[in-house]
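S.K.: Would you mind keeping the following structure in view while I ask a few things?
The values are calculated or read from the model by the stated rules, or taken from the named source; none is laboratory data. Because the structure is a prediction, the values reported are computed rather than measured. Here the Cβ positions follow ideal geometry from the backbone for every residue, glycine too, while neighbour counts run over all protein chains shown. To get the accessible areas, we keep the full protein, side chains included, count just its heavy atoms, and leave off ligands, DNA and RNA. Shrake-Rupley method; radii C 1.70, N 1.55, O 1.52, S 1.80 Å.
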Amino acid sequence: MINMKKILLFSLISILMASIVIAAGADGASVPGTGMNSPDMGKTEKSQAVGIDPEQGILTDEEIAGLKLMREEEKLARDVYMVLYDEWNLPIFKNIANSEQTHTDAVKTLLDIYGIEDPVSIDEPGVFANQELQTLYDDLVNQGSASLLEALIVGATVEDLDIFDLNELIAQTQNQDILLVYNNLVKGSRNHMRSFVEQIENNGGTYTAQYIEQSELDEILGSSHESGPILDENSNIIPGVSSELRGPQGQRRMLQPGNYQVSGGKGIMIQQQANNRMMIQTDGLSVDCPLCPEMTQERVQNGTRFYAKLSNGRNAEIKIMPDTASQTALQRLNLRNCTDDCSIELKEANIGNQVRAVYEVQAQRNSKVFGMFSARMQVQAQVDAETGEVIQVNKPWWAFLAVEPEE
């Protein structure tokens, strides 16, 4: 069976959102009876769950086949809309076709995270490994080439099928990564449906539900454009959404900008800066992170772990979070807060003959030399990012002559 997916994920045009669709048998093989008029089109088959464990990130055969099909269906949507734009020069097709490239790339991210073979070995427009999709592509292009109205009906039909299949697929999985994507895609498909039906009516046509119930279509058309937690107001993916995809436990992958939860429920944000630099933010604290571009992340049962690759080849686990390290360092420096004259970095440091990942706090603080003369003092403290130990405190040579009241 086959299911046509949506037009979603990354940068969708402002009037559209995104959506995906897919359906497959347990082994992902082609199933007889396809095409837009096939009685089996839009119906998903059930497969025996093999080793399902949503917390460990182990996928069923059905989930794997679905993701592989989804990858090609995203490509199919892109290819169909590009042909229809070339034929009719209507912006809605170009906008969606442009966004589809990022959509199929987004699905590939899931394939990579779970180590699934990519069915798109060569990205040639209009060519598909799945022969059902190949037939479907040909049928859609032929239908959409007949007239502008038929082209718009093709768009609505694709979204109709997407919504139907996504509803089925959401009910078939417990994997949080897949649900994160599917739930956003079905919102995108509903937005696409609204846009296509509006265009159909503007061109003197009507559209009747083919796969979902007419009552569901009426409810979609009677409601407003939807937004999703991983899409901005222009239907673009918010940078770092890939960090929301947890992946299998025990599998490390490169650190990406985004929001994370660490053990104990604490949340942190990784932000991309200019010149490939990154920042860590937590509890209102910003930490420059020279180590972040080479860091990896690993999902565990109660959150995410982070590892910094050091120059000696060792991967140091960042067990201490920035706010804890900052508080420890500031206490040693007799400072209450890290203000404008204070900076914090997560960096590599050579301590004796060892290379360590450390939080380094540098600050300017007030002091009185001999208890009489005001002076500004440059101070520094380093906290081991693995143990939380204060491993170094630096002050100017004359600090022993100065009084340092707590600030």
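S.K.: For segment 79-96, state whether one or more residues are part of a helix (DSSP H, G or I), among the basic types (Lys, Arg) and open to solvent by 60 Å² or more (accessible area, probe 1.4 Å).
M.R.: So far as segment 79-96 goes, yes, one or more of its residues are part of a helix (DSSP H, G or I), among the basic types (Lys, Arg) and open to solvent by 60 Å² or more (accessible area, probe 1.4 Å).
S.K.: Output the qualifying pairs, or none if there are none: Cβ atoms under 8 angstrom, residues six or more apart or on different chains, first residue in segment 265-285 and under 20 Å from residue 307 (Cβ atoms) and touching a residue at least 40 places away in the same chain (Cβ under 8 Å), second residue open to solvent by less than 70 Å² (accessible area, probe 1.4 Å) and polar (S, T, N, Q).
M.R.: Within 8 Å, the pairs are 266/282; 268/281; 268/282; 280/271; 280/286.
S.K.: Only one of (1) more than 33 Å from the chain's Cα centre (by Cα); (2) on the phi < 0 side of the Ramachandran plot is not met by residue 384, so which one is it?
M.R.: (1)
S.K.: Restricting to segment 336-380, name every residue that is outside any strand (DSSP E or B), closer than 21 Å to residue 289 by Cβ and not hydroxyl-bearing (Ser, Thr, Tyr).
M.R.: Answer for segment 336-380, where residues must be outside any strand (DSSP E or B), closer than 21 Å to residue 289 by Cβ and not hydroxyl-bearing (Ser, Thr, Tyr): 337, 338, 340, 341.
S.K.: Turning to a different aspect of this structure: Working carefully through the options 204, 126, 155, 144, find the one that is under 20 Å from residue 101 (Cβ atoms), surrounded by fewer than 18 Cβ atoms within 10 Å (Cβ to Cβ), in contact with a helix residue (DSSP H, G or I) (Cβ under 9 Å, 6 or more places away or on another chain) and among the small types (Gly, Ala, Ser).
M.R.: Result: 126 is the single residue among 204, 126, 155, 144 that is under 20 Å from residue 101 (Cβ atoms), surrounded by fewer than 18 Cβ atoms within 10 Å (Cβ to Cβ), in contact with a helix residue (DSSP H, G or I) (Cβ under 9 Å, 6 or more places away or on another chain) and among the small types (Gly, Ala, Ser).
S.K.: Next question, about the same structure. Considering only segment 247-258, I want to know if a residue exists there that is over 29 Å from residue 399 (Cα atoms), surrounded by 14 or more Cβ atoms within 10 Å (Cβ to Cβ) and hydrophobic (A, V, I, L, M, F, W, C).
M.R.: There is at least one residue in segment 247-258 that is over 29 Å from residue 399 (Cα atoms), surrounded by 14 or more Cβ atoms within 10 Å (Cβ to Cβ) and hydrophobic (A, V, I, L, M, F, W, C).
S.K.: Filter segment 342-363 down to the residues that are farther than 17 Å from residue 280 by Cβ and free of Cβ contacts under 8 Å to residues at least 24 places away in the same chain and list them by number.
M.R.: 350, 352, 353, 354
S.K.: Looking at (1) out of contact with any Pro (no Cβ under 9 Å at 6 or more places or on another chain); (2) buried (at least 18 other Cβ atoms within 10 Å of the Cβ); (3) at pLDDT 80 or above; (4) within 24 Å of residue 187 (Cβ to Cβ), find the lone condition where residue 61 falls short.
M.R.: Evaluating residue 61 over (1) out of contact with any Pro (no Cβ under 9 Å at 6 or more places or on another chain); (2) buried (at least 18 other Cβ atoms within 10 Å of the Cβ); (3) at pLDDT 80 or above; (4) within 24 Å of residue 187 (Cβ to Cβ) leaves (4) as the failure.
S.K.: Is segment 114-132 home to any residue that is among the β-branched types (Val, Ile, Thr) and part of a helix (DSSP H, G or I)?
M.R.: no
S.K.: Report whether or not residue 151 is farther than 24 Å from residue 59 by Cβ and free of Cβ contacts under 8 Å to residues at least 40 places away in the same chain.
M.R.: no
S.K.: Those residues that are touching a Phe, Trp or Tyr at 6+ places or on another chain (Cβ under 9 Å), modelled with pLDDT of 85 or more, closer than 24 Å to residue 338 by Cβ and among the β-branched types (Val, Ile, Thr), I need them from segment 247-299; list them, please.
M.R.: Hits for segment 247-299 are 268, 270, 287.
S.K.: Could you list, in sequence order, the residues of segment 145-171 that are of a type in the set (Ser, Thr, Tyr) and farther than 15 Å from residue 88 by Cβ?
M.R.: 157
S.K.: From 355, 393, 403, grab the single residue that is touching a helix residue (DSSP H, G or I) at 6+ places or on another chain (Cβ under 7 Å) and aliphatic (A, V, I, L, M).
M.R.: Selected residue: 393, the only one of 355, 393, 403 that is touching a helix residue (DSSP H, G or I) at 6+ places or on another chain (Cβ under 7 Å) and aliphatic (A, V, I, L, M).
S.K.: Here is a follow-up. Looking for something farther than 19 Å from residue 386 by Cα and open to solvent by less than 50 Å² (accessible area, probe 1.4 Å) - is there at least one such residue anywhere in segment 316-334?
M.R.: Checked against the condition, which is being farther than 19 Å from residue 386 by Cα and open to solvent by less than 50 Å² (accessible area, probe 1.4 Å), segment 316-334 yields at least one hit.
S.K.: What's the total number of residues in segment 283-310 that are part of a loop (DSSP other than H, G, I, E, B), open to solvent by less than 90 Å² (accessible area, probe 1.4 Å), over 11 Å from residue 262 (Cβ atoms) and out of contact with any strand residue (DSSP E or B) (no Cβ under 6 Å at 6 or more places or on another chain)?
M.R.: Counting residues in segment 283-310 that are part of a loop (DSSP other than H, G, I, E, B), open to solvent by less than 90 Å² (accessible area, probe 1.4 Å), over 11 Å from residue 262 (Cβ atoms) and out of contact with any strand residue (DSSP E or B) (no Cβ under 6 Å at 6 or more places or on another chain) gives 1.
S.K.: Quick one: which residue in 233, 213, 244 is exposed (fewer than 13 other Cβ atoms within 10 Å of the Cβ) and at pLDDT below 70?
M.R.: 233
S.K.: Go through segment 381-406 residue by residue and tally those that are part of a strand (DSSP E or B), within 30 Å of residue 307 (Cα to Cα) and either of a type in the set (Val, Ile, Thr) or open to solvent by less than 40 Å² (accessible area, probe 1.4 Å) (or both).
M.R.: The total comes to 7.
S.K.: Does residue 350 fit the bill of being open to solvent by 30 Å² or more (accessible area, probe 1.4 Å), at positive phi, in contact with a Lys or Arg (Cβ under 9 Å, 6 or more places away or on another chain) and not acidic (Asp, Glu)?
M.R.: no
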